[in-house]
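Asks: This structure is in structure tokens; I'll ask about it shortly.
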């Protein structure tokens, strides 16, 4: 599959974390604290390479707590992997750790999680967590590690995003992107997040802010959510970078317990890993169905053309809305197309 070479094969290397974020879907799914078996991780990497993957994405939990991290990366690089992306909360990044990551050169990139301004960050991630995350990100950048900020968007983020983006640009010279991730609801509402989810109106405000920031030269992306550039284009503000679907061809994740999922935040799995399973899943009709355009739900929607142009091939997933039967994407696009840039007041 051609898409595989450009995709990252994701490994959740641990569910352990030194933080207790309110919105952590790993904790919300009831995952026991555990590390992925090092031999299993190596086996997944070898099979992934044979299937055509050339990029690995390592996440957690907090992957810097996985004791096998650096040796695993070294083995994967020797195997032929060309790129690595590591998600971290940044609080364990010191000069030594940053230096070991920097040794991989431009093959290594990381994201550091900052929820937004200090008050918003610590409301979600705990008192006293902002300064260590900032210090860790600075260590990484000073060591020469390519780095992004990942910001989970609750409904309080859009009004503060412009100031936060301006602060981040000044505070972190060399930062690549500020990447925004829509807050997701969990199955059976395992975490009380409904009041924090973006409404369609909040999403429009987020898109407007991010679009204008890009126009002003601030690099802001919306992760795995092509609804954002679709809405931006519909409002006459086409400055957001493209964004891929959460479920897309070539996308696979192996969790710390060995279960395989389409994406790390997916709330259903496709079986327990065994040698050969990755190729079987990718070739399966079930996997293909998850990636195809939804011709039933979307065919009668007046926004279908705008969504398809941005890569939104299926309705927004149920976990992006707080309730109701109307797809989240339809509510957003109704607002976006209502009156162009005046659909929602700033």
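Asks: Residue by residue through the stretch 171-184, note down the ones that are under 17 Å from the mean Cα position of the chain (by Cα) and over 18 Å from residue 151 (Cβ atoms).
Replies: none
Asks: Going by the conditions given, is residue 55 within 24 Å of the chain's Cα centre (by Cα) and surrounded by fewer than 18 Cβ atoms within 10 Å (Cβ to Cβ)?
Replies: Details: within 24 Å of the chain's Cα centre (by Cα): yes; surrounded by fewer than 18 Cβ atoms within 10 Å (Cβ to Cβ): no.
Judged against the criteria, residue 55 is not a match.
Asks: Which ones in the stretch 264-286 are farther than 24 Å from residue 46 by Cα and surrounded by 14 or more Cβ atoms within 10 Å (Cβ to Cβ)?
Replies: Result: 267, single match.
Asks: Please find, among 334, 289, the residue that is assigned to a helix (DSSP H, G or I), out of contact with any strand residue (DSSP E or B) (no Cβ under 7 Å at 6 or more places or on another chain), free of Cβ contacts under 8 Å to residues at least 24 places away in the same chain and surrounded by fewer than 20 Cβ atoms within 10 Å (Cβ to Cβ).
Replies: Going through 334, 289 in turn, just one is assigned to a helix (DSSP H, G or I), out of contact with any strand residue (DSSP E or B) (no Cβ under 7 Å at 6 or more places or on another chain), free of Cβ contacts under 8 Å to residues at least 24 places away in the same chain and surrounded by fewer than 20 Cβ atoms within 10 Å (Cβ to Cβ): 289.
Asks: Tally up the residues in the stretch 101-147 that are in a helix (DSSP H, G or I) and within 21 Å of residue 10 (Cβ to Cβ), please.
Replies: 4
Asks: For residue 343, are the conditions met, namely being touching a helix residue (DSSP H, G or I) at 6+ places or on another chain (Cβ under 6 Å), at pLDDT below 95 and either surrounded by 15 or more Cβ atoms within 10 Å (Cβ to Cβ) or within 21 Å of residue 183 (Cα to Cα) (or both)?
Replies: Yes, satisfied.
Asks: Here's another thing I want to ask about it. Which residue out of 209, 256, 216, 228 is farther than 18 Å from residue 308 by Cα and touching a strand residue (DSSP E or B) at 6+ places or on another chain (Cβ under 7 Å)?
Replies: Answer to the selection: 256.
Asks: Mind listing just one residue for me: the one in the stretch 193-213 that is part of a helix (DSSP H, G or I) and out of contact with any helix residue (DSSP H, G or I) (no Cβ under 8 Å at 6 or more places or on another chain) and, of those, nearest to residue 229 (Cα to Cα)?
Replies: Applying the filter and picking the extreme gives 196.
Asks: In this structure, does residue 116 turn out to be under 20 Å from the mean Cα position of the chain (by Cα), on the phi > 0 side of the Ramachandran plot and modelled with pLDDT of 95 or more?
Replies: Yes, satisfied.
Asks: Now a separate question. For residues that are over 16 Å from residue 60 (Cα atoms) and either assigned to a helix (DSSP H, G or I) or over 22 Å from the mean Cα position of the chain (by Cα) (or both), tally how many sit in the stretch 71-100.
Replies: Within the stretch 71-100, residues that are over 16 Å from residue 60 (Cα atoms) and either assigned to a helix (DSSP H, G or I) or over 22 Å from the mean Cα position of the chain (by Cα) (or both) number 15.
The values are calculated or read from the model by the stated rules, or taken from the named source; none is laboratory data. All figures in this text were calculated on a predicted structure; none of them were measured in a lab. No Cβ is skipped: glycine too gets one built from the backbone with ideal geometry, and neighbour counts run over all protein chains shown.
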